[in-house]
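The values are calculated or read from the model by the stated rules, or taken from the named source; none is laboratory data. Predicted model only: the values in this text are computed from it and were never measured. Positions of Cβ are backbone-derived with ideal geometry, glycine not excepted, and every protein chain shown enters the neighbour counts. To get the accessible areas, we keep the full protein, side chains included, count just its heavy atoms, and leave off ligands, DNA and RNA. Shrake-Rupley method; radii C 1.70, N 1.55, O 1.52, S 1.80 Å.
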Amino acid sequence: MIAFMFLRKKLPASAAALLAVVLFASCASAAPAQNVPNLPIPAINFAVGAANGPQDVALTIQIVALITVLSMAPAILLMLTSFTRILIVLGFIRSAIGLQQTPPNQVIASVALFLTVFTMTPVWNEVYSGDITPYMQEEIPVQTAFERAMTPIRQFMFKQTRERELSLMVRLSGQNQPAGQNDVSTMTLIPAFVLSELKTAFQMGIVIYIPFIVVDMVVASILMSMGMMMLPPSMISLPFKILLFVMADGWNLIVASLVTSFN
């Protein structure tokens with residue numbers, strides 16, 4: 001310590017600080033190891049062992065199936081429910097008004113998700129009461145449970161699928177002309193349903209766009225007649241379009257139209 005104080009007087013401040021760090025590190029390394037406290041470090045081990053019985057194997061298969069379903073949940077939600085139509089129509093509303101990020105994408109997706117749950121609840125209740133409950137009570141096997149679960153979902157999809165799109169997918173699949181709905185495979189029905197949903201959503205979007213286009217044309221004509229050709233018409237028409245949408249109770253009209261379009 002005396003030597004360090006002597007050197008501090010002779011060395012610059014930066015060199016003295018560096019020398020202090022070196023001396024502290026050497027003293028810490030020279031300290032007895034028993035003075036260092038033992039910190040508890042948790043250990044995590046993953047092991048794969050032999051199953052003790054058929055129940056362990058069944059539980060493992062259920063866990064793997066659950067993980068698979070969760071990973072495919074977004075695709076299932078998009079392909080087998082009303083989510084696609086609702087999300088596209090809500091996106092058309094924002095574009096027609098001229099708003100860029102209002103409402104945000106998270107809000108639009110959340111509203112579409114809850115409206116999907118609302119419209120699909122009767123179908124899911126039928127699946128739960130007629131399929132999941134008997135399967136949980138071990139009254140029916142897995143294959144029968146899957147077939148029963150797909151029946152109400154297929155009925156919903158057939159109700160929303162257009163005949164033209166269904167004929168297109170049947171022709172592209174190379175199958176024979178089906179005599180009824182039972183002859184149409186689910187893999188053929190799903191893309192036909194998605195195409196029909198896209199077509200219906202775009203048709204509803206065109207109807208939504210028309211009144212806002214009229215407002216844009218009226219504002220642009222007024223600005224042209226006033227000689228304000230350098231002023232963007234969208235800047236002036238935006239408040240009027242928002243006012244029109246609010247006064248017409250647009251959200252209620254859109255939601256009511258979306259929900260009733262699935263009936």
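Residue by residue through segment 112-119, what is 3J(HN,Hα) from phi via Karplus (6.51 cos²θ - 1.76 cosθ + 1.60, θ = phi - 60°)? Round to whole Hz and write x for glycine and proline.
4, 5, 6, 5, 5, 4, 5, 6
Considering only protein heavy atoms, what per residue accessible area in square angstrom results for segment 135-253 with a 1.4 angstrom probe?
Numbers: 8060 Å² over 119 residues.
Roughly 68 Å² per residue, with all protein chains present.
Can you give the charge dipole size of segment 133-263 about its Cα centre, rounded to the nearest 20 debye, using +1 on the beta carbon of Lys and Arg and -1 on the beta carbon of Asp and Glu? Intermediate values should be presented prior to the final figure.
Numbers: 8 positive and 9 negative charges, 66 e Å.
Computed charge dipole of segment 133-263: roughly 320 debye.
What list of ³J(HN,Hα) values in whole Hz, one per residue of segment 156-173 in order, does the Karplus curve 6.51 cos²θ - 1.76 cosθ + 1.60 (θ = phi - 60°) give from phi, with Gly and Pro shown as x?
Running phi through 6.51 cos²θ - 1.76 cosθ + 1.60 with θ = phi - 60° gives 5, 5, 5, 5, 9, 8, 7, 5, 5, 5, 5, 5, 4, 5, 5, 5, 5, 6 Hz.
Need one number: convex hull volume per residue for segment 112-198, Cα atoms only, in Å³.
Numbers: hull volume 9.2 nm³, N = 87.
For segment 112-198, the hull spanned by Cα atoms encloses 106 Å³ per residue.
Tell me the trypsin sites (Lys or Arg not before Pro) within segment 168-247 that lie in a loop according to DSSP and have at most 16 other beta-carbon atoms within 10 Å. Mind dumping the intermediate values first?
Values: sites: Arg171, Lys199, Lys241; in loops: none.
Sites meeting the loop and neighbour criteria: none at all.
For segment 152-263, max minus min Cα coordinate along each principal axis, in Å, sorted largest first?
In descending order, the Cα extents are 65, 28, 15 Å.
As a test of the definition: which semi-axes, in Å, follow for segment 117-157 when you take the square root of five times each eigenvalue of its alpha carbon gyration tensor? Largest first, please. Each step should come with its number before you reach the end.
Details: eigenvalues 74, 26, 5 Å².
Output for segment 117-157: semi-axes of 19, 11, 5 Å.
Please list the three semi-axes, largest first and in whole Å, of the ellipsoid equivalent to segment 157-223, using sqrt of 5 times the eigenvalues of its alpha carbon gyration tensor. List each step's numbers first, then the result.
On the way: eigenvalues 316, 19, 11 Å².
Each semi-axis is √(5λ); the values are 40, 10, 8 Å.
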